[in-house]
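The values are calculated or read from the model by the stated rules, or taken from the named source; none is laboratory data. If you're wondering where the values come from, they're calculated on a predicted model, not measured in any experiment. As a convention, Cβ positions derive from the backbone with ideal geometry for all residues, glycine included, and neighbour counts pool all protein chains shown. Surface accessibility is based on the protein's heavy atoms, side chains included, excluding ligands, DNA and RNA. Shrake-Rupley method; radii C 1.70, N 1.55, O 1.52, S 1.80 Å.
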Amino acid sequence: MRRVTSLLIPIIAFIFILALYGALPFVSLTTLGQAIWLIGFSQSFANQGLFSLHATNFGYPEPAAISFGLAAAYPASMLIRLGLHPADAYSLMHAFWLLVSFLGAWKIAKSHFRLSSTNSTITSVLWLSLPAVWIHTGYSALGIAIGLIPFYFWTALELFGNNVNAKKGIKFYRLPGKFVLYMLATVISVFMDGYSFVMFAIASTFLGIYQFFQVPKDRKALITIRFIIHCICFGLAYILYAIYIGKPQYEPATLDFFRGWGMDLSFVVLPTRGIHWLWDTLGLSVTRISSEQFGDSSIWRSTYSAPFIIFGLVAWWQTRRTSKFANLFLIIAIFGFYMALGPSLKVNSMRPADFESQLMPAEYAVLPTGNGWLSANVPGFKSMRAAYRWIALANLGLWLLVISLMAHHKNKLIKRLISFLCVLLIASNVPNLHQTLALKYKLRQRFLDIESSLIQDFKKDLKQDEIVAFLPFGNDFFVNYIASRVNIISYNIGGDKNLAEARKHWPSTMSGFEFRAIDKDFTERIIALLREGEADVVVLPYLDLLWAPHNWPTESEFNDELKTVINSLIATGTVNVDETTYYSTVRLK
């Protein structure tokens with residue numbers, strides 16, 4: 001009976017996690033807009049050979065490397081090849097990575113801290129219930145990557161957390177297995193998302209350095225074996241990624257971006273209304289709107305963590321003398337929190353009414369934090385432009401302290417109290433589950449509606465392998481899915497980094513169009529594009545190709561400017577224009 005219970009509790013807990021994230025295959029979908037962007041790559045991979053890792057249906061003429069999320073897109077492509085609808089392939093892929101996250105967290109608690117199966121399950125659910133983890137579900141692979149941080153750190157504990165001395169610790173014949181595990185984790189991390197890759201590198205490096213000073217007798221093994229494995233794995237993973245995207249790194253953002261997306265201390269202390277059901281019910285949450293804040297809503301929605309911080313600090317105080325790693329975990333938490341602030345300290349720093357940019361100049365902040373130098377000059381740190389996401393690293397340190405506290409106390413009553421506090425914290429972290437599941441169910445239905453109401457029309461009006469230009473072009477998330485699902489070839493592509501790379505290779509006529517603009521030469525350039533053979537057909541969409549996949553179903557935005565273009569094209573007598581509900585197609589007669 002005890003064995004059945006020990007299995008049943010983790011299973012029920014994991015089903016709860018799937019419901020929280022909306023990752024129930026054939027029932028719900030975790031997100032829509034970002035899922036469509038990523039699954040477009042998956043579908044394009046599936047349109048090619050088994051080992052294709054670049055999209056050829058969009059970002060023409062060069063094959064497109066996905067800027068982040070290859071470790072999510074490729075498994076989803078395999079599921080599409082097996083016959084799953086892209087929506088269900090995405091949900092099943094996400095559920096798989098949630099299982100890896102859950103098991104990684106469970107292994108830390110069970111194997112390294114000797115917690116019971118029940119308490120290991122509670123702490124695993126605690127991690128996946130943290131706002132910084134589940135709220136980023138809307139960012140596709142980024143959310144998956146943040147959830148995987150305990151799995152990454154577990155591999156680091158396997159490498160650094162034990163004595164490699166042949167007489168007392170890990171046998172040397174086990175080192176190849178540790179190497180393979182660590183290499184696998186670094187490769188998954190770099191190809192899932194750069195934010196978690198840097199955090200993984202920082203946390204594991206801190207662990208290795210800490211071990212060097214805490215265990216003098218193990219220093220030789222650390223330097224000659226573990227650190228070498230550590231450097232080889234991270235170095236090789238980075239090289240593979242650089243080869244894949246064709247450059248050492250993407251262009252770094254300005255410090256004003258780091259500052260705008262830095263964490264405001266008021267977000268940490270006061271929860272945002274509409275996120276946590278408990279704090280909303282108690283009337284303790286506050287309303288925040290984008291027009292009053294720098295950055296975007298993900299900052300104030302995901303950084304509330306005051307109870308967790310207090311819990312973690314109490315855990316450190318209780319275990320600071322008895323736990324080998326308590327001080328290390330505190331260091332990780334403090335460093336992550338410090339970096340999450342960004343280059344400047346913000347305390348309820350509101351955006352002026354007449355200031356339209358989401359970027360934040362230094363004069364609007366309280367004072368410098370001092371970490372701007374790292375963000376401007378140090379590789380890896382320069383890529384962490386949404387600085388608030390460092391809160392995930394801080395959460396890792398705090399979560400490990402809570403596990404340490406649970407392992408520290410032997411008294412059953414105190415253990416139960418700690419477990420109860422963890423459950424209470426989980427309850428305060430999550431949204432209204434009924435509303436969340438209803439929304440996630442609708443997201444899947446909307447995805448299916450896109451297939452029936454839009455993709456089927458495109459399949460009638462466009463031919464496979466035709467070269468297509470959607471104009472005016474922009475950050476066209478929707479084209480990733482449309483082009484790959486219809487199996488056409490498009491210049492357009494979604495993702496700011498992907499678009500910047502694609503534009504470098506566009507032919508002269510296509511390069512002449514302006515970003516999201518219809519200028520006086522727009523009509524003439526369309527005809528030139530067709531006459532020069534740079535495109536077989538031009539699509540004039542009545543939808544915002546960036547926001548329509550996020551907000552589907554959406555109304556057609558057929559404006560007077562676009563109507564004027566269509567009338568001008570018809571007046572030339574050189575093209576055929578076919579109008580539909582959501583777009584018009586333009587071909588040479």
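The criterion of being free of Cβ contacts under 8 Å to residues at least 60 places away in the same chain and either in a helix (DSSP H, G or I) or open to solvent by 30 Å² or more (accessible area, probe 1.4 Å) (or both) does not hold for I229. Condition check for A394 on (1) more than 26 Å from the chain's Cα centre (by Cα); (2) assigned to a helix (DSSP H, G or I): one failure, at (1). Looking across the range 495-512, the residues that are closer than 26 Å to L38 by Cβ and not basic (K, R) come down to G495, D496, N498, L499, A500, E501, A502, H505, W506, M510. Condition check for G83 on (1) in a loop (DSSP other than H, G, I, E, B); (2) in contact with a Phe, Trp or Tyr (Cβ under 7 Å, 6 or more places away or on another chain); (3) over 30 Å from N429 (Cα atoms): one failure, at (2).
Select from the range 55-65 the residues that are open to solvent by less than 50 Å² (accessible area, probe 1.4 Å) and either touching a Pro at 6+ places or on another chain (Cβ under 9 Å) or hydrophobic (A, V, I, L, M, F, W, C) (or both) and list them in ascending order.
A55, F58, A64, A65 - these are the residues of the range 55-65 that are open to solvent by less than 50 Å² (accessible area, probe 1.4 Å) and either touching a Pro at 6+ places or on another chain (Cβ under 9 Å) or hydrophobic (A, V, I, L, M, F, W, C) (or both).
Candidates L400, L424: the one that is part of a helix (DSSP H, G or I), open to solvent by 10 Å² or more (accessible area, probe 1.4 Å) and over 23 Å from M350 (Cβ atoms) is L424. Of the residues contained in the range 286-308, one or more are found to be charged (D, E, K, R), assigned to a helix (DSSP H, G or I), touching a residue at least 12 places away in the same chain (Cβ under 8 Å) and loosely packed, with under 15 Cβ neighbours inside 10 Å.
Residues of the range 232-260 that are of a type in the set (S, T, Y) and in a helix (DSSP H, G or I): Y238, Y241, Y244.
Yes/no matrix, rows are residues, columns are (1) farther than 23 Å from L499 by Cα; (2) aliphatic (A, V, I, L, M):
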| site | (1), (2) |
| --- | --- |
| A528 | no, yes |
| G533 | no, no |
| D536 | no, no |
| V539 | no, yes |
| A548 | no, yes |
| T564 | yes, no |
| A571 | yes, yes |
| N576 | yes, no |
| R587 | yes, no |
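Checked against (1) touching a residue at least 12 places away in the same chain (Cβ under 8 Å); (2) farther than 30 Å from D193 by Cα, S508 meets all criteria but (1). Considering (1) open to solvent by less than 10 Å² (accessible area, probe 1.4 Å); (2) modelled with pLDDT under 95, the lone condition that S52 does not fulfil carries the number (1). Please work out if G274 is assigned to a loop (DSSP other than H, G, I, E, B), of a type in the set (G, A, S) and over 28 Å from D496 (Cα atoms). In short, yes. Taking first residues from the range 109-135 that are touching a residue at least 24 places away in the same chain (Cβ under 8 Å) and assigned to a helix (DSSP H, G or I) and partners that are surrounded by 20 or more Cβ atoms within 10 Å (Cβ to Cβ) and basic (K, R), the Cβ contacts under 9 Å between residues at least 6 apart in sequence or on separate chains come to P131/R301; A132/R389; I135/R301.
Quick check on the range 190-221: of everything there that is farther than 15 Å from C231 by Cα and either outside any helix (DSSP H, G or I) or small (G, A, S) (or both), which residue is most open to solvent (accessible area, probe 1.4 Å)? Looking at the filtered set, the residue picked out is G194. If we scan the range 487-499, do we find a residue that is in contact (Cβ under 8 Å) with a residue 60 or more places away in the chain, surrounded by fewer than 17 Cβ atoms within 10 Å (Cβ to Cβ) and either assigned to a strand (DSSP E or B) or not aliphatic (A, V, I, L, M) (or both)? Within the range 487-499 (the criterion being in contact (Cβ under 8 Å) with a residue 60 or more places away in the chain, surrounded by fewer than 17 Cβ atoms within 10 Å (Cβ to Cβ) and either assigned to a strand (DSSP E or B) or not aliphatic (A, V, I, L, M) (or both)), the answer is yes, since at least one residue qualifies. Report yes if some residue within the range 37-47 is open to solvent by less than 60 Å² (accessible area, probe 1.4 Å), touching a Ser or Thr at 6+ places or on another chain (Cβ under 9 Å) and within 20 Å of V125 (Cα to Cα); otherwise report no. For the range 37-47, residues open to solvent by less than 60 Å² (accessible area, probe 1.4 Å), touching a Ser or Thr at 6+ places or on another chain (Cβ under 9 Å) and within 20 Å of V125 (Cα to Cα): absent. Cβ-Cβ distances below 7 Å connect the following pairs, each with a first residue in the range 463-481 that is without any contact (Cβ under 8 Å) to a residue 60 or more places away in the chain and on the phi < 0 side of the Ramachandran plot, a second residue that is part of a loop (DSSP other than H, G, I, E, B) and β-branched (V, I, T), and a separation of six or more residues or different chains: Q464/I488; P472/I518.
Taking the range 66-92 only, how many residues are within 27 Å of M384 (Cβ to Cβ) and buried (at least 21 other Cβ atoms within 10 Å of the Cβ)? Qualifying residue count, the range 66-92: 9.
Need pairs with beta-carbon distance below 8 Å; first residue over 18 Å from F335 (Cβ atoms) and touching a residue at least 40 places away in the same chain (Cβ under 8 Å) and within the range 190-207, second surrounded by fewer than 23 Cβ atoms within 10 Å (Cβ to Cβ) and not small (G, A, S); sequence gap 6+ or separate chains. Pairs found: V190/Y238; V190/L240; V190/Y241; F191/L240; F191/Y241; F191/Y244.
For the range 535-553, filtered to residues that are in contact with a Gly (Cβ under 8 Å, 6 or more places away or on another chain) and among the aliphatic types (A, V, I, L, M), the residue that is least open to solvent (accessible area, probe 1.4 Å) is L545. Scanning the range 507-534 for residues that are surrounded by fewer than 18 Cβ atoms within 10 Å (Cβ to Cβ) and part of a loop (DSSP other than H, G, I, E, B) returns P507, G512, E514, F515, R516, A517, I518, D519, K520, D521, E532, G533. Residues of the range 309-342 that are open to solvent by less than 10 Å² (accessible area, probe 1.4 Å) and part of a loop (DSSP other than H, G, I, E, B): G342 alone.
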